[in-house]
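The values are calculated or read from the model by the stated rules, or taken from the named source; none is laboratory data. The shown structure was predicted, so the numbers you read here are calculated from the model rather than taken from an experiment. Here the Cβ positions follow ideal geometry from the backbone for every residue, glycine too, while neighbour counts run over all protein chains shown.
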């Protein structure tokens, strides 16, 4: 993946802010998996980033936490797993940076209001019928 990593909305993340760790991948694979460190973990420290504004940092921390990680161990090649992990990290960060759409207040429809009030009347009638009869007559 090229340096720097574009996240969309004008945000560009330099790759030197991402820590890459390698380890042996789990699962089957025979002798090759036992001797090569093909699993790649990409770690991004949100609070230490200089590429994000304070508002963007708060949004990412609220959605993903202070450390964002992405792991890839799908391929036999460490290079391919590195590309996959960086792409997964980019996707997670770009999704977290999208600001939430503002909620527009809507009025309930006339039918929903009628249904709600009818349900309340039925429930009140049901409870009224369960009460002990009064001696009015």
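Every residue in the stretch 65-82 that is exposed (fewer than 15 other Cβ atoms within 10 Å of the Cβ) and more than 17 Å from residue 52 (Cα to Cα), please. The answer is 74, 76, 77, 79, 80.
Restricting the stretch 16-35 to residues that are surrounded by fewer than 16 Cβ atoms within 10 Å (Cβ to Cβ) and more than 16 Å from residue 71 (Cα to Cα), which is modelled with the highest pLDDT? In this case the residue turns out to be 16. Identify the residue in the stretch 2-15 that is surrounded by 13 or more Cβ atoms within 10 Å (Cβ to Cβ) and over 21 Å from the mean Cα position of the chain (by Cα) and, among all such residues, is farthest from residue 77 (Cα to Cα). Here the residue is 4. The helices (runs of 4 or more DSSP H) falling completely within the stretch 41-137 that include 2 or more residues that are over 19 Å from residue 5 (Cα atoms) and either at pLDDT below 95 or touching a helix residue (DSSP H, G or I) at 6+ places or on another chain (Cβ under 7 Å) (or both) map to 54-64, 110-130.
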